[in-house]
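Single-structure report; data block below.
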Amino acid sequence: MRMRATVAAVSGALALSALAVPAAHADAGLDVPSAAERFGASSAKPALRAAAEELPVVTKVTINSGKDVVVGTTNVKNFTVSVTARHSTGVQDAYVFLWHGSAPTEEGMDGALVPNEEVADCKASSATTSTCKLTFTAYPGYDLYKNALAGTWKVTVGALAGNESFYWNDRHTTHRVQRSSKLTVNASPEPVKKGKTLTVTGKLSRANWETGKYAGYTGQSVKLQFRKKSSSTYTTVKTIKTNSKGELKTTVKASADGYYRYSFAGTSTTPAVSAAGDFVDVK
């Protein structure tokens, strides 16, 4: 028996929900059974069952190589999740899905990302320990059908031992799913006389999963930075905020040949981004 067979109720329900049009997510929800429905009578939390049976121990979960899952407007985002677990009888399978909402139930969940495979690819490093990998594909405008899904998601993790005992935790960890960001810069005039005024413009935008386009990110603090031609390090000149369209505009005095760029530190829903430096020749 494999983990996917053990949690067939979960995978089946989620697979069916994935066939619905995006708008149906909000209306119908995602039909996820309770722990008792997944595993029959074994409905107690893992920590409470530990006294009665030896359970697999999950020692590590790595999502997207430890990086936030960043999704744009048109291209799908593929990423891998690996689960390392151990048990005296070995580990034969693992299961992971990411979910958004208050609880992994039909009423409490408004988004889910489920693995592409029916069974995880498990490689044993010893008689007791294995690392199991699963791949995911996030579709903007479909899986991620509304902008409110950007932010912190919960991660359900399961591991199935060789003797078919199992570990399951609906809130094993969390991970961020973010709207991709872009940042531009333009310094003018070019060239410019030393001591004269430079106007530096730009725009901070991020993916809108509902429209399939990038839109300005308003009211965000962005640093204007400068790097001399002979240097490899940027220093912050000033910090300004984007306007109602995500646009940036400020002025500085030209002092030396070098590169100007805008740099955004990011938020919980949107990743950090820096514009490519715009070189200014100072005469």
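Rank these residues by their accessible area, most exposed first, probe 1.4 Å: Ser181, Ser65. The partial results should precede the final answer.
Numbers: Ser181 15, Ser65 100 Å².
In descending accessible area the options line up as Ser65, Ser181.
So which of Lys193/Lys228; Lys67/Lys245; Lys223/Lys245; Lys245/Lys283; Lys67/Lys182; Lys203/Lys283 end up more than 23 Å apart, counting from Cα to Cα?
Details: Lys193/Lys228 16 Å; Lys67/Lys245 29 Å; Lys223/Lys245 17 Å; Lys245/Lys283 34 Å; Lys67/Lys182 18 Å; Lys203/Lys283 27 Å.
In this structure, Lys67/Lys245; Lys245/Lys283; Lys203/Lys283 lie more than 23 Å apart at Cα.
Express the accessible area of the range 213-260 per residue in Å², computed with a 1.4 Å probe while the remaining protein chains stay in the model. Present the calculation step by step, with values, prior to reporting the outcome.
Values: 2850 Å² over 48 residues.
With the other protein chains kept in place, the range 213-260 gives 59 Å² per residue.
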Hits among aspartates and glutamates - C-alpha to C-alpha of Lys229 under 19 Å, sequence gap 8 or more where chains match: Glu190, Asp257, Asp278, Asp281
Summed side-chain charge close to Gln225 - residues other than Gln225 whose Cβ falls under 10 Å, Lys, Arg +1, Asp, Glu -1: +4
Exposure ranking of Val61, Val177 by accessible area [1.4 Å probe, largest first]: Val61, Val177
Exposure ranking of Cys132, Cys122 by accessible area [1.4 Å probe, largest first]: Cys122, Cys132
Between the range 78-139 and the range 166-236, the alpha-carbon center distance in angstrom: 33
Long-range tail of P(r) for the range 128-188 (Cα pairs > 20 Å, %): 52
Set of lysines near Lys123 by C-alpha distance (under 17 Å), chain-local residues within fewer than 8 positions excluded: Lys60, Lys133
Percent carbon-and-sulfur accessible area, the range 189-283, ignoring ligands, DNA and RNA, probe 1.4 Å: 47
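The values are calculated or read from the model by the stated rules, or taken from the named source; none is laboratory data. Note that this is a predicted model, so its numbers are computed, not measured. Cβ coordinates were reconstructed from backbone atoms using ideal geometry, including for glycine residues, and neighbour counts include every protein chain displayed. SASA here: full protein model, heavy atoms, side chains in, ligands and nucleic acids out. Shrake-Rupley method; radii C 1.70, N 1.55, O 1.52, S 1.80 Å.
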